[in-house]
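Below: the structure, in structure tokens.
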Amino acid sequence: MITYCIAVWGEFTKFIGGRGGLAHWLMFGAALLCCILMGKSTRKKLFWPSALVLVFFFNPLFYAYVGTRFLSGVYWRLLWMLPVSFVIAFVLTELTFKVKKNIFRAAAVIAACACIILTGRREFSAETYSEKENAYEIPQAAIEISDIVMGQLWDWKESIIVPNELMCYIRQYTCAVTPLYGRNAEGFITNIEPAEASVFAEMSREEPDVELITDVAKEKGCRFIVFNTSFHRIPEDLTGYGYEQIDVVEDVYVIYRQIGQPD
């Protein structure tokens with residue numbers, strides 16, 4: 001049971017993400033408590049629904065029997081049902097209008113806004129947004145790599161191992177090129193097989209075990225492997241592992257194809 005409690009807390013901390021998120025949740029908690037004193041209607045519409053979600057979310061039994069079976073990797077999304085911003089704004093507005101002097105009203109609003117601004121983060125920044133490179137609004141490298149592989153299809157589709165930053169974009173461009181694993185490698189929805197998990201772990205390292213990756217690739221029928229040489233430190237020649245270099249994309253993504261396979 002303790003294990004489940006720790007797991008639930010981990011899901012919560014992953015959702016709120018650091019001190020900024022914690023500050024907003026403290027404001028939300030204080031606002032919920034204020035809802036209790038704001039009358040039956042407010043309690044019915046805001047407090048009890050939110051309290052019910054929190055009771056289920058932090059219930060280790062619910063997590064054990066429902067979360068681990070049906071919400072693996074996305075259990076934290078249950079918190080999306082909580083109207084955090086609305087409750088904070090509603091309570092602040094109600095309390096502000098209960099203050100008679102305008103100067104105190106203004107001070108309360110300014111203090112709340114300052115708290116939100118100082119503890120928040122810029123969503124529209126270079127870290128989260130960039131100018132689109134193509135009509136698909138995905139990295140151009142994913143398109144070029146897919147086109148190269150599709151030009152050498154052996155069957156109606158090809159399995160491929162790509163750097164982690166591209167694995168979710170390949171499938172958005174074409175179904176003819178299928179990554180060995182996708183977001184499920186990080187625990188979303190379903191777990192992946194041990195062999196695939198080992199490849200994902202190696203592709204996450206700067207110095208991956210090339211022999212392990214190529215062995216699993218052959219076993220799983222992945223004729224193509226892509227390494228990001230700006231991150232991965234690998235031998236330039238992989239012929240000893242059964243793969244040969246066939247192309248380079250954007251000077252960093254090196255594409256290897258299994259030796260002895262048809263073009």
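None of the figures in this text is laboratory data; all of them are computed from the coordinates on show. Computed from a prediction, not measured in an experiment: that's the story for all the values here. When we count neighbours, we look across all protein chains shown, and the Cβ atoms used for this are built from the backbone with ideal geometry, even at glycine.
General observations
- When the chain is treated as a GNM with alpha-carbon contacts under 10 Å, the residue of 122, 205, 105 showing the greatest mean-square fluctuation is 122.
- Derived scalar couplings ³J(HN,Hα) [the range 91-107; Karplus, 6.51 cos²θ - 1.76 cosθ + 1.60; whole Hz; x for Gly, Pro]: 5, 4, 5, 4, 5, 4, 6, 7, 7, 7, 7, 4, 5, 6, 4, 4, 5
- Given charges at beta-carbon only (K, R positive; D, E negative), |dipole| of the chain in Debye: 2980 debye
- Taking other residues whose beta carbon is less than 14 angstrom from the beta carbon of residue 219, and scoring Lys, Arg as +1 and Asp, Glu as -1, yields -1.
- Two-decimal log10 I(q)/I(0) for the chain, as the Debye equation yields it once each C-alpha is a single scatterer, q = 0.08, 0.12, 0.16 Å⁻¹: -0.52, -0.88, -1.16
- The separation of the range 71-110 from the range 206-263, counted between C-alpha centres, amounts to 52 Å.
- By the helix-only formula, in which each DSSP H run with n ≥ 4 contributes -39500 (n - 2.57) and the sum is divided by residues, the chain has a 222 nm mean residue ellipticity of -13500 deg cm²/dmol.
- One Cα centroid belongs to the range 1-52, the other to the range 136-162; the line between them spans 44 Å.
- Candidate lysines - alpha carbon under 30 Å from residue 45, same-chain residues fewer than 8 apart omitted: 14, 98, 100, 101
- Cα gyration tensor, the range 12-153 - rounded (a/c under 1.5), prolate or oblate: oblate
- Sequence-distant residues sharing a close amide H with residue 227 (under 5 Å, placed H): 254, 256
- Max mean-square fluctuation residue, GNM over the chain, Cα-Cα springs under 10 Å, options 194, 139, 163: 194
- Translational D in µm²/s for the range 162-257 (Stokes-Einstein at 4 °C, 1.567 mPa s, Kirkwood Rh from C-alpha pairs): 95 µm²/s
- Considering only 212, 37, 46, the Gaussian network model of the chain with Cα springs below 10 Å gives its largest mean-square fluctuation to 37.
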